[in-house]
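Below: the structure, in structure tokens.
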Amino acid sequence: MPSAVLAVDQGTSGTKALVICPERGVIGTGSAPVAPRHGSGGSVEADPRQLLSSVIDAGRLALAEAGEPVAAVGLANQGETVLAWDPGTGTPLTEAIVWQDRRAAPLCAELAPHAATLNRITGLPLDPYFAAPKMAWIRRELTREGVVTTTDSWLVHQLTGAFVTDAATAGRTQLLDLEKVAWSPEALGVFGLEGERLPEVVDCAGGFGTTTAFGPALPLTGLLVDQQAALLAQSVTRPGTAKCTYGTGAFLLAQTGETPRRTAGGLVSCVAWRFGGRTSYCLDGQVYTVASAVRWLTELGVISGAADLDPVGSAVPDSGGVTFVPALAGLAAPWWRGDLRGSLTGLGLDTGPGQLVRALCEGIAAQIAELADAVAADLGEPLTTLRVDGGLTRSALLMQTQADLLQRPVEVSALPDATALGVGAVARLGAEPGLTAEEAVPAWRPSAVYEPAIGAAEAADRLGRFRAEVTALLARTPETTRVP
């Protein structure tokens, strides 16, 4: 009988762990908070030791609740968060520089003449969001000691002593040759990182050592970056299918198969996963502020939390002419203007919390509709449906708004914690040779399906108003740190 596995999702604001049994589903859960610190100059940092302790604490809680042994462990990670550390002792030499950190923007502006070359090699636009600019910034500003890697390599080293990163996480650095799935000497040279000791790029499923961090010795058999883990959990394994995760930010990924698809619309082309030496690729688009924008509205006192989105927003029929571009940490794909800040227009004396909530939902949904349009343009055909997961999918108002602006059905996952479920499937693949990805992933089923409730003309009009505000922002904001 197939054995249960422990799946650990180390995220931006916390770590979630599940014990997953192939027959009975989730039989144990655990969580532990993480507190990233936002500072001046666009800094966002976290304590590496807190990341590690959250992984161990969440995993032990999940195992205690399950009350039975597991066969293996899988670990998902944040992707673009980096740190420097001593490979001899494992001691962190810097804080973890979180994916949202923007302090490498001047370095990216300096490297702008190399942007096209980097995009050709790695599939990624030159932007502080990715790991390599942060790694180069650490080397310039903080320390030349030790190694500088994404957080997964440090966590795995702490757990097992191995020095590895999975192919999908390596693809988020801007140092990986997309076709060869190997470190690129040319990209390393652009960032001044030649001679760095980098982790071995490995398949996402396999044997990565043994850990006793959770109690009894357990093999670590699954490694995958967070959004690709959610992609797998949503059963988005065929070219042309897509998912979107609504978390701190929103991340839309579309499967493109075994050939990397170069994008003309400002998206990211990257590794989805690599199993048995065979690589699958995807297109990726990001929205920087989603749950974080809801939190911002909460801190202003407009609402008391995400649970208020539906009752407050549904108390009014529409946004009352208010348009919100929630670029509170800049605009990501397809614009790549991290220097922009948000706008809120059309305010009147009759504007209340309901209109602001609706405008926020529409601003989030409009950005994701833009990403879906860019995917459709790259693939040569529109997406048929969008599968979604994440905490904010509990908002019927946001999901209906999304379906309206997309003019496509939105299928909400019935399985919470998609990232942990995805890396749990990968851990099973590593622990049970001969198992296929389709066999390892839980059967897909939606908890709700939202169909468009407005016509194409109204959707185009509402998207047009949002685009006009983005165009106005682009026109009046100096491009001091923009990288083409």
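Quick test of the membrane-span-like rule: which DSSP H helices of the chain reach at least 24 Å along their long axis (C-alpha atoms) with mean Kyte hydropathy at least 0.5?
Membrane-span-like by this rule: 353-379.
Using a cut-off of 27 Å between alpha-carbon atoms, which lysines can reach LYS134, once sequence neighbours fewer than 8 places away in the same chain are excluded?
Counting by Cα, and skipping residues close in sequence, LYS134 has these lysines nearby: LYS16, LYS180.
For region 214-287, count the residues as N, evaluate 2.2 N^0.38 Å, and divide the Cα radius of gyration by that value, please.
1.22
Using every Cα-Cα pair within region 5-234, state what percent have a distance larger than 25 Å.
38 percent
Mean residue ellipticity at 222 nm from the helices of the chain, using -39,500 (n - 2.57) per DSSP H segment of n ≥ 4 over the full residue count, to the nearest 500 deg cm²/dmol?
-10000 deg cm²/dmol, from helical runs alone.
How many nm separate the modelled label positions at THR212 and ALA64, each set 7 Å beyond the Cα in the direction of the Cβ?
2.0 nm
Please quote Rg/Rh for region 1-46 to two decimal places, taking the Kirkwood radius as Rh and restricting both calculations to Cα atoms.
1.26
Which trypsin sites (Lys or Arg not before Pro) does region 3-99 hold that lie in a coil by DSSP with at most 13 other beta carbons within 10 Å?
Here the sparse-neighbourhood loop sites are ARG24.
GLU179 to LEU349: FRET efficiency via 1/(1 + (r/R0)^6), r the Cβ-Cβ distance, R0 60 Å, to the nearest 0.05?
Once the sixth-power term is evaluated, E becomes 0.55.
With labels modelled as points extended 7 Å from the Cα through the Cβ direction, what inter-label distance (nm, one decimal) is found for ARG445 paired with SER40?
A separation of 5.5 nm, rounded to one decimal place.
How high is the FRET efficiency between LEU142 and ALA457 when r is their beta carbon distance and R₀ equals 56 Å, given to the nearest 0.05?
The formula returns an efficiency of 0.60 here.
Place a label point 7 angstrom from the Cα of THR91 along the Cα-to-Cβ direction, then list the residues of region 157-177 whose backbone nitrogen is under 19 Å away.
157-159, 161
In 20 Å bins starting at zero, report the fraction of Cα pairs in the chain per bin as a rounded %.
25, 59, 15, 0
Antiparallel as a % of all DSSP beta bridges within region 5-234, to the nearest 5?
70 percent
Here, each number is a calculation from the coordinates, and none is a lab measurement. Just so it is clear, the model here is predicted, and its values are computed rather than measured. For neighbour counting, all protein chains shown are included, and Cβ atoms are generated from backbone atoms with ideal geometry for every residue, glycine included.
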